[in-house]
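Let me begin by presenting the structure, written as structure tokens, before commenting on it.
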Amino acid sequence: TSIMQRAGAGTDEVRDLRETPEEWLAVTFHELHGVLSSFDGSMAVSCVLGLIEENSGLMHSFNAEHPFPILYRGGACSFLGEEQRLYKLGMPQSFDQATGFVDQYQLEAGDVLVIGSDGKDDLRVSAEDGEDYIRHDEERILGICEAAGGELAAIVEGVEAAGEITDDL
């Protein structure tokens with residue numbers, strides 16, 4: 001039975017819907033980590049997982065060694081959660097981080113969240129001598145998102161214009 005199915009109706013293992021978002025995320029983290037831990041560190045997953053309260057805009061989330069989410073607000077972009085504290089799910093060190101890892105961010109009307117893989121940062125470009133190389137630049141995406149006005153299609157176009165995509169986006 002999947003985590004999401006248990007959170008809803010129709011199963012024998014329905015989770016207590018009175019859990020706080022922090023509790024739900026912590027339980028979900030431990031459940032996913034437990035499955036991946038059975039591979040003794042040979043299989044690990046990076047992820048950002050979050051819940052947004054529709055009425056208030058309060059976001060609860062954790063980042064397990066995934067590229068930082070980007071907040072586009074009022075024409076400017078910034079990374080969320082640069083103080084990341086979690087290793088990838090499935091890594092032995094992750095289990096030691098059992099409490100206090102769920103972050104909160106207050107989102108506002110008009111905010112845009114951009115969450116993607118590191119494929120947006122690792123682009124093939126040509127050097128002046130004509131040789132190709134992979135340019136890794138985590139900061140470039142902020143300017144691309146700002147120039148795109150937070151619009152997904154324009155962000156993809158901006159990434160493609162900055163170099164050849166060599167990985168998932």
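With the convex hull drawn around the C-alpha atoms of the chain, the volume per residue stands at 148 Å³. Extending 7 Å from Cα along the Cβ direction at E53 and again at D111 yields two label points whose distance is 1.3 nm.
Once the convex hull of all Cα atoms in region 82-169 is built, its volume per residue stands at 136 Å³.
Accessible area per residue for the chain, computed on protein heavy atoms with a 1.4 Å probe, is 58 Å². Using a probe of 1.4 Å on the protein chains alone, the accessible area found for S126 is around 80 Å². Positive end of the dipole of the chain (Cβ unit charges, origin at the Cα centre): among G57, G75, L89, the Cα lying farthest that way belongs to G57. Ligands, DNA and RNA left out, the accessible area of the chain computed with a 1.4 Å probe is 51% carbon and sulfur.
Ignoring the sites themselves, what is the longest stretch of the chain with no GluC sites (Glu not before Pro) in a DSSP loop and at most 15 other beta-carbon atoms within 10 Å?
Longest stretch, sites excluded: 20-52.
The values are calculated or read from the model by the stated rules, or taken from the named source; none is laboratory data. Everything numeric here is computed off the predicted structure, so don't read it as measured data. Quick reminder, even Gly has a Cβ in these numbers, built from the backbone with ideal geometry, and neighbours come from all protein chains shown. Accessible surface is based on the protein model in full, side chains and every heavy atom, while ligands, DNA and RNA are left aside. Shrake-Rupley method; radii C 1.70, N 1.55, O 1.52, S 1.80 Å.
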